[in-house]
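Report on the structure given below.
Nothing in this text is a laboratory measurement; each read-out follows from the coordinates by a stated rule. Just so you know, these numbers come straight off a predicted model, no measurement behind them. Cβ sites come from the backbone with ideal geometry, for glycine too, and all protein chains shown count toward neighbours.
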Amino acid sequence: MKLLGYFHSVAARFFHRSQTEADMEEELRSHIQHRTDDLERSGLDRAEAERRARIEFGGRERIKEEVRESLGGSFIDILVQDVRYSLRVLRKTPGFTIVAVLTLALAIGANAVVFGILNGIVLRPLNLPEPRSLYGIERSDEDDPVQSYPDYVDLRDRNRSFDSLAACRITEAGVDTGENPSRVFLYEVSGNYFDALRVQPYLGRFFHASDEHGPNSAPYIVLGYAYWHTHFQDDRGVVGRVVQVNKHPFTVIGVAPLEFRGTLVFFTPDFYLPMINEEQVEGRNILNARGTEWIYLALGHLKAGVTPAQAVADLNSIGSYLERTYPKEHGKPIYSLSNPRLYGDSLGRSVQMFLTGLMLLAGLMLLAACANLGSLFAARAADRSREVALRLALGAKRARILRTLFTEAVLISLAGGAIGLWGSVALLRGLSVWQPVPRYPATVPVTPDANVYGVALILALVSGILFGLVPVRQVLRTDPYQIVKSGSTGALGRRITVRDLLLVVQIAICAVLVTSSMVAVRGLVRSLHSNFGFDPRNVTIVETDLSMAGYSGERVPEMQKRMLDAARTIPGVEAVGLIDWPPLISGAYGDDYIFRDQASDLSPSNAAATAYSFRMSPEYFQAAGTTLLAGRTFSWHDDKGAPRVAVVNLDFAVKIFGSAGNALGHFFKLHDGTRIQVVGIVESGKYKGLTDDSAPAMFVPILQSPTLWIKFGNPFEP
Amino acid sequence: MSSQAQILPGTLDLLILKAVSLGPLHGYGILLRIGQISGKALLIEQGALYPALFRLVRQGLLKASWGVSENNRRAKFYELTALGRKRLREETEGWNRLAAAMGSALAAEPEEI
């Protein structure tokens with residue numbers, strides 16, 4: 001009741017301030033008039049009586065102040081006063097104010113951007129019902145979440161931990177909707193995908209596990225909302241339409257809701273189709289190939305009451321079963337659970353570590369800014385010691401003076417925070433629509449949300465209080481008598497100690513920041529200038545996928561040879577080569593188990609190495625500028641009828657044969673027992689990423705390859 | 001001056017309530033009334049009155065309205081609310097108990113113990 005009354009009074013006073021003030025003024029005047037009347041009646045003349053009445057009454061302003069205090073609302077009054085006063089003071093020193101605000105704007109802006117990215121990528125769960133119980137399955141033994149289809153089916157059917165275990169794979173295909181055929185990115189998903197994720201269609205229906213009746217039995221497509229919007233102009237009649245995917249007819253049965261953007265961050269597919277139809281998309285039937293790992297991620301909701309630890313134990317017992325039952329295809333898989341949206345731990349952990357590190361650095365930057373502003377404020381408070389002393393001498397309470405100083409600090413930090421946030425929101429919005437790799441529909445979903453605003457506000461307030469705290473001791477120790485008399489502060493030694501400390505902190509933090517950025521820049525420069533194993537200058541890449549045009553089997557290499565010949569006739573072209581996955585472009589290559597020739601046990605645990613494998617045309621090395629160290633490259637005669645040959649990189653030669661000399665002319669074995677002869681050795685390079693350690697790689701003649709790599713000579717240089 | 005007692009902290013509110021209970025009064029009138037009913041023994045600083053008055057209005061013990069005084073001047077008149085009347089009764093009883101207890105305690109003689 002009292003509290004309510006207080007708030008009521010505060011509110012009333014806040015909104016009827018001028019009225020209350022006028023009321024009070026009139027009442028006091030009335031009082032003095034009545035007193036004057038009395039005094040006049042006792043014999044004084046009017047003027048003298050009024051003078052006496054005023055003197056008796058005392059300081060009217062002081063009484064008004066006391067009345068205001070008794071009415072409550074003084075906190076807000078004082079705040080308003082302080083803010084006004086601080087604004088006035090800050091306006092008087094625009095240089096200081098601008099520097100302070102900009103310093104903080106940069107520091108808080110940097111923090112907001114980094115937090116925005118952390119929030120968008122790591123912290124914000126997938127936009128799905130009950131995201132907390134959603135887990136992806138990770139292969140700890142291989143450090144990635146990739147599965148073969150039969151393994152996925154075993155996991156799906158044998159586990160007792162998941163409500164329903166779904167699977168997805170990103171792939172691309174050629175789509176013909178009746179207009180221009182175009183390339184799209186899509187998810188191949190298990191039939192239970194949408195049901196397992198508990199998503200409802202925006203339009204039409206989704207496919208279900210019950211739609212799967214063996215290979216190629218479910219030619220259905222669910223469109224992503226964005227693709228439906230851009231390619232079908234929101235046409236609600238799209239359901240039931242037949243489109244051609246890699247020349248195979250698929251029926252559009254529904255549209256996914258706008259907020260459903262797939263289950264992998266960065267990568268929103270154009271549409272979804274059942275994995276059971278993969279042969280029509282991939283051009284080969286791998287549904288029964290236990291050794292071919294092509295499913296990106298298996299994921300699902302844990303059953304209510306099942307802990308992640310129990311689920312992992314359950315999965316690993318299935319892992320033991322798989323190892324026992326299929327020893328030829330399997331080592332022992334070790335499963336664990338991971339955050340599904342970051343492609344499992346292999347990517348997720350590094351992204352998380354990178355962002356956490358970045359966040360720490362940004363935090364340090366803010367701390368350095370605070371230390372900087374703290375010493376600025378201390379210096380300012382010292383300069384203003386006479387003002388503080390005068391105010392103390394006139395009866396101001398120390399607490400009140402500190403409040404004013406804090407108000408200044410917080411005002412500056414809020415202004416800095418606002419500017420920083422404004423900049424970072426603009427940056428984050430830009431990032432969100434940015435497509436870092438033009439080839440892929442990859443986006444960075446970091447649109448700022450309430451979390452980002454909240455964090456920026458808290459950072460601003462905390463830093464304001466942090467650097468506002470610095471001059472507190474100084475004010476508390478101020479001796480007005482001494483200062484007014486001598487014109488300087490007494491506690492000179494003390495003050496300099498505090499500021500020295502801040503300076504040391506600042507220098508230390510800056511040293512850390514500068515060093516780490518130098519290290520990062522040097523690392524970048526070094527990886528940009530390192531040996532890639534090919535020469536990227538003056539190279540143009542053309543990409544084709546013949547399976548999108550319905551080519552398969554024997555017709556593929558034949559067509560590719562014709563394309564290469566055609567490309568070679570283009571004026572200015574020096575060399576043309578072809579490879580299935582150009583190094584450093586996609587980053588996702590098959591690993592092949594490599595065995596020594598004398599090995600008889602071809603189980604994965606017995607492999608001598610794993611190697612990236614590339615399929616290429618004879619002229620590829622010439623076109624890519626890869627140096628042939630020994631032996632020969634292929635010719636067009638290394639075809640199906642000829643013995644299997646390979647060119648390997650130096651790492652491969654050293655790892656399998658001990659040295660380059662031992663490798664040439666010798667054989668190694670693949671997982672399926674194929675013997676391959678090494679006919680050439682090329683320099684090692686970077687294949688997956690710039691930061692890779694060098695790794696074994698082998699190049700085999702094309703059997704079926706979807707990529708053209710063309711090298712153009714520069715016509716302006718001889 | 002020695003005949004005038006310093007008022008104890010907290011008693012000003014009670015005195016105001018008592019003064020107003022005898023009839024609506026403006027601020028200056030309340031001062032006069034307190035002087036009158038205390039036989040000029042209790043003197044209140046003029047300025048100290050108003051914070052107390054505003055506080056009592058806020059607490060809902062008094063209500064105020066503008067009117068015209070006996071001097072024909074505009075003045076704000078205060079009167080008790082029902083809550084104020086109840087508070088006055090309670091505080092009076094409490095004060096009387098305290099005064100009686102203090103009186104008897106201070107009147108105690110050695111032989112009575």
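Structure notes:
- Within straight-line reach of B:Lys18, meaning a Cα separation under 15 Å, sit the following aspartates and glutamates at least 8 residues removed in sequence or on another chain: B:Glu79, B:Glu90, B:Glu91, B:Glu93.
- Sites listed here are chymotrypsin sites (Phe, Trp or Tyr not before Pro) in the stretch A:616-651 whose DSSP assignment is loop and whose Cβ has at most 16 other Cβ atoms within 10 Å: A:Trp636.
- Label zone at A:Ala566, where the point sits 7 Å out along the Cα-to-Cβ direction: the stretch A:526-551 residues whose backbone N lies under 16 Å: A:542-551
- Note on A:Ala396/A:Val462: beta-carbon distance plugged into 1/(1 + (r/R0)^6) with R0 of 25 Å gives a FRET efficiency of 0.40.
- Cα pair distances exceeding 17 angstrom across the stretch A:385-456, given as percent: 63
- In a reduced charge model with +1 at each Lys and Arg Cβ and -1 at each Asp and Glu Cβ, chain A shows a dipole moment near 2980 debye about its Cα centre.
- Test item: B:51-58 mean partner chain Cβ contacts at 10 Å: 6
- Checking the Cα-Cα distances for A:Lys64/B:Lys76; A:Lys561/A:Lys686; B:Lys63/B:Lys86 against a 19 Å cut-off, the pairs over it are A:Lys561/A:Lys686.
- Spacing of the modelled spin labels on A:Ser210 and B:Val68, each 7 Å from Cα toward Cβ, amounts to 9.1 nm.
- Net charge of Cβ neighbours under 10 Å - reference A:Ile286; Lys, Arg +1; Asp, Glu -1: -2
- In plain terms, the residue of A:Leu427, A:Leu165 with the fewest other Cβ atoms within 10 Å comes first and the most crowded comes last, giving A:Leu427, A:Leu165.
- Computed over the stretch A:14-145, the ratio Rg/Rh where both radii use C-alpha atoms and Rh is Kirkwood: 1.44
- With 0.36 nm allotted per residue and the present C-alpha distance subtracted, the A:Ala426-A:Leu87 stretch has 119.3 nm of extension available.
- Highest-MSF residue in chain B out of B:Leu61, B:Leu83, B:Leu17 [GNM, Cα springs under 10 Å]: B:Leu83
- Note on the stretch B:11-98: the alpha carbon radius of gyration divided by the globular reference 2.2 N^0.38 Å gives 1.04.
- Residue exposure sequence - A:Phe532, A:Phe668 - by fewest surrounding Cβ within 10 Å: A:Phe532, A:Phe668
- Summing charges over neighbours of A:Gly178, with a neighbour being any other residue whose Cβ is under 14 Å away from its Cβ, gives -1 when K and R count +1 and D and E count -1.
- The alpha carbons of the protein assembly as shown give a radius of gyration and a Dmax of 42.5, 137 Å, in that order.
- Over all Cα atoms in the stretch A:648-699, the spread is summed up by Rg and Dmax: 11.3, 33 Å.
- Between A:Ala630 and A:Arg183, the simple label model (points 7 Å from Cα in the Cβ direction) yields a spacing of 3.8 nm.
- Take each residue of peptide A:24-32, count the partner chain Cβ atoms within 10 Å of its Cβ, and average: the result is 5.
- Relative contact order of chain A: 14 percent, from C-alpha pairs under 8 Å at least 6 residues apart in sequence.
- Kirkwood hydrodynamic radius over Cα pairs of the stretch A:141-333, then Stokes diffusion coefficient at 4 °C and 1.567 mPa s, in µm²/s: 74
- Efficiency of FRET between A:Val521 and A:Arg349 - r from beta-carbon atoms, R0 25 angstrom, step 0.05: 0.55
- Within chain A, helix-based [θ] at 222 nm, where runs of 4 or more DSSP H residues each add -39,500 (n - 2.57), nearest 500: -15500 deg cm²/dmol
- The order of A:Val425, A:Val239, going from fewest to most other C-beta atoms within 10 Å of their C-beta, is A:Val239, A:Val425.
- Equivalent-ellipsoid semi-axes of the stretch A:539-712, from the Cα gyration tensor, Å, largest first: 27, 18, 16
- Cβ-Cβ FRET estimate between A:Thr356 and A:Ser317, R0 fixed at 35 Å, reported to 0.05: 0.55
- A:Ala415 sits among other residues whose Cβ lies under 14 Å from its own Cβ, and their net charge, with Lys and Arg +1 and Asp and Glu -1, is 0.
- Under the simplified labelling scheme, the A:Glu61-A:His229 pair shows an inter-label distance of 6.1 nm, with each label point 7 Å from Cα along Cα→Cβ.
- Take the convex hull of the alpha carbons in the stretch A:348-527; its mean projected area over all directions comes to 13.4 nm².
- Mean separation of Cα pairs under 8 Å and 6 or more residues apart, divided by the residue count, gives the stretch A:582-668 a relative contact order of 26 percent.
- Shielding by partners, peptide A:50-61 (average Cβ within 10 angstrom, other chains): 1
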